[in-house]
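Worksheet: the structure to be examined is printed underneath.
The values are calculated or read from the model by the stated rules, or taken from the named source; none is laboratory data. These figures come from a predicted structure and were not determined experimentally. Neighbour counts run over all protein chains shown; Cβ positions are idealised from the backbone, glycine included.
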Amino acid sequence: MRVLYVRVPEGCRDAAAGALSELEIEFAVLGTAFPDPVSEEVTPVTEPDDEAILLQIPIPADAVGPVLEALEDAGVDVERYTVVTSGETAMTSTWDALMSRYARDFDPLPMTELRSKAMNLSQDPGSYYVLMVLSALIATTGLLADSPAIVVGSMVIAPVVGPVLTASVGGILGDRRMVLDSVRMQALGLVVAVLAATGLGFVLQTFRLVPPVLDVGSIELIGVRLAPNALALIVGLASGAAGGIGLTTKGPMSLIGVMIAAALIPTAAATGVGFVWNEPLVGIGTLALLLVTVVAINLASFGVLWTLYRPNLTGDGALLDFRSVREAALVFGALVVLAIVVVATVGATAGQIAFERTANDVAHEVIEESGHEDLTVVAVRSEYDDPSPFTGPRTVTVSVSDTDPVTAPPDDLASEIADETASRTDRSVTVRLRFVEYQETTTSTHARSDPLEDRSVDSGWMTVRSATMFGGDPLATGN
């Protein structure tokens, strides 16, 4: 619930009381007297002879907007003096009816409360960057240990939700300073996270606390972040939209903040790990994924807020209201640079998604046409093979389950997938085929004289084989 304290001038008393009565809202009238004499440093909102009153109005959180609008229609200048506080509950004759009425209706928070909620999510720069470093260190440890639990812990403490949402709120409110500060904090925070991950990786490698030679791409938690893809784009858009919607409600933002951090912090840590272990393609791929995710989160958050509030972006005091030609040139220059980054990242992501879709289709078609019903494609993953995300070659890793390990699969499966993918995408393709073999045996149950021997037994074993094909030419096949 919320408690409003609104200053009502003498001439608006009857109209304000009538407006609240129509909404079936009970209120209390507080005095506005102050001690006399008053220090010259104090600037009260009323004069000694002012007959204004202060209304205390307990209402459900979703009723703040309608109540303030009703008071404005009654002639009350709510911008003059209004305080909105949180409360636990209220005991009035109409409280249950108000809760039933407004609990079912979604009413976005008023602009002033939206701004306050967004600012409450932001931390001072010192603690923000310290927490970004600590979350990156924890994420790096979790990635190298291949421990999802540790990675999740890094998401919990990462404070990146504040700058992300205050940037969108600043755009809606027309506060360019808020937008610039938020964008700067996002950029510097992620740079600090990448540098922290790089530093920790260097220390661990130097003192041999982890293997100095490590196939970073083979670590599952890093392997899923080697390049932008459709799933990562969906996560970024959905988490940004969830942040925008959550910000406009009375609910908490802690879990949404964890989701936004989940899309950013592990990827930033993976970028540092890739560069430390001298695998620049891993670093470039994860960095591209990081940029795509940041852009997706911010665009989705701003899009949701703009849809809910529909602000005038070019009106007086709006985001695009410029006071001079120089100011307009600077803003448009920054927008052009941002647009170039957005278009480049979106273009690279679109190309990567299209390539992954083709590789996925080819892998399924080749495996199905192989005649081996025991083979099933369970995962297809691709990554960059050179620094060019637009025209460079790709490595495709296809994981295949094999439920009949006795019968060897064809040796040319990787070659067929590589040739067909290369012909459809006009790119050089390296295909790695990974077999995960399972054998299951279940004994049948027969009647026996000893009831303790009447049981079913499941036994199984698993092996992993891999075959790698470069452009269709086999290099290695192992069992």
Problem set entry | Condition met for Leu98 (over 24 Å from Gly246 (Cα atoms), surrounded by 15 or more Cβ atoms within 10 Å (Cβ to Cβ) and not assigned by TED's automatic domain parsing to the domain that holds Gly246) | no
Problem set entry | Which listed residue is more than 30 Å from Ala288 (Cα to Cα), acidic (Asp, Glu) and outside the structural domain of Gly285 (by TED's automatic domain parsing), from Glu416, Glu368 | Glu368
For this session: Considering only residues that are closer than 15 Å to Cys12 by Cα and of a type outside the set (A, V, I, L, M, F, W, C), look in region 64-81 and name the one that is farthest from the chain's Cα centre (by Cα).
Result: Gly75
For this session: Go through (1) in contact with a Lys or Arg (Cβ under 8 Å, 6 or more places away or on another chain); (2) surrounded by fewer than 13 Cβ atoms within 10 Å (Cβ to Cβ); (3) at pLDDT 75 or above one by one and return the number of the condition Gly347 breaks.
Result: (1)
For this session: Quick one: count up the residues across region 184-198 that are touching a Pro at 6+ places or on another chain (Cβ under 9 Å) and surrounded by 20 or more Cβ atoms within 10 Å (Cβ to Cβ).
Result: 3
Exercise. Is it the case that region 167-182 has a residue that's assigned by TED's automatic domain parsing to the domain that holds Val273, under 18 Å from Asn298 (Cα atoms) and not in a helix (DSSP H, G or I)?
Worked result: yes
Seminar exercise, completed: Scanning region 102-123 for residues that are surrounded by fewer than 16 Cβ atoms within 10 Å (Cβ to Cβ) and in contact (Cβ under 8 Å) with a residue 40 or more places away in the chain gives Ala103, Asp105, Phe106, Met111, Met119
For this session: May I ask you to list the residues in region 329-340 that are exposed (fewer than 13 other Cβ atoms within 10 Å of the Cβ) and either of a type in the set (Val, Ile, Thr) or touching a residue at least 12 places away in the same chain (Cβ under 8 Å) (or both)?
Result: Val336, Val337, Ile340
Exercise. Somewhere in region 155-172, is a residue without any contact (Cβ under 8 Å) to a residue 12 or more places away in the chain, among the aliphatic types (A, V, I, L, M) and surrounded by fewer than 19 Cβ atoms within 10 Å (Cβ to Cβ)?
Worked result: no
For this session: Run down Ala241, Ala269 and say which single residue is buried (at least 22 other Cβ atoms within 10 Å of the Cβ), under 17 Å from the mean Cα position of the chain (by Cα), in the same structural domain as Gln205 (by TED's automatic domain parsing) and not hydroxyl-bearing (Ser, Thr, Tyr).
Result: Ala269
For this session: Specify which of the listed residues (Ser147, Ser122) is among the hydroxyl-bearing types (Ser, Thr, Tyr), at pLDDT below 90 and closer than 27 Å to Gly272 by Cα.
Result: Ser122
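Condition check ((1) at pLDDT 90 or above; (2) surrounded by fewer than 19 Cβ atoms within 10 Å (Cβ to Cβ); (3) under 36 Å from the mean Cα position of the chain (by Cα); (4) not in a helix (DSSP H, G or I)) across all residues:
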site: Ser388; (1), (2), (3), (4): no, yes, yes, yes
site: Ser401; (1), (2), (3), (4): no, yes, yes, yes
site: Asp404; (1), (2), (3), (4): no, yes, no, yes
site: Glu416; (1), (2), (3), (4): yes, no, no, no
site: Glu420; (1), (2), (3), (4): yes, no, yes, no
site: Glu440; (1), (2), (3), (4): no, yes, no, yes
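Residues are listed down the side, and each one gets a yes or a no for (1) over 30 Å from Leu330 (Cβ atoms); (2) of a type in the set (A, V, I, L, M, F, W, C):
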position: Met132; (1), (2): no, yes
position: Leu144; (1), (2): yes, yes
position: Gly189; (1), (2): no, no
position: Val194; (1), (2): no, yes
position: Phe207; (1), (2): yes, yes
position: Pro212; (1), (2): yes, no
Problem set entry | From Thr397, Thr349, Thr358, residue being touching a residue at least 12 places away in the same chain (Cβ under 8 Å), at negative phi and assigned to a strand (DSSP E or B) | Thr397
Exercise. Within region 199-215, is even one residue assigned by TED's automatic domain parsing to the domain that holds Ala270, surrounded by fewer than 19 Cβ atoms within 10 Å (Cβ to Cβ) and within 23 Å of Gln352 (Cα to Cα)?
Worked result: yes
For this session: Answer yes if at least one residue in region 11-33 is modelled with pLDDT of 85 or more, assigned by TED's automatic domain parsing to the domain that holds Glu88 and at positive phi, and no otherwise.
Result: yes
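Filter region 82-105 down to the residues that are of a type outside the set (S, T, N, Q) and not in a loop (DSSP other than H, G, I, E, B) and list them by number.
Val83, Val84, Trp95, Asp96, Ala97, Leu98, Met99, Arg101, Tyr102, Ala103, listed by residue number.
I'd like to verify a number: residues in region 216-238 that are surrounded by 15 or more Cβ atoms within 10 Å (Cβ to Cβ) and farther than 30 Å from Pro110 by Cβ, how many?
Going through region 216-238 one residue at a time, the tally reaches 15.
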Exercise. Out of Pro108, Pro159, which single residue is touching a Phe, Trp or Tyr at 6+ places or on another chain (Cβ under 8 Å), assigned to a loop (DSSP other than H, G, I, E, B) and modelled with pLDDT under 90?
Worked result: Pro108
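For Pro211, indicate whether it is without any contact (Cβ under 8 Å) to a residue 40 or more places away in the chain and part of a loop (DSSP other than H, G, I, E, B).
Answer is yes for this residue.
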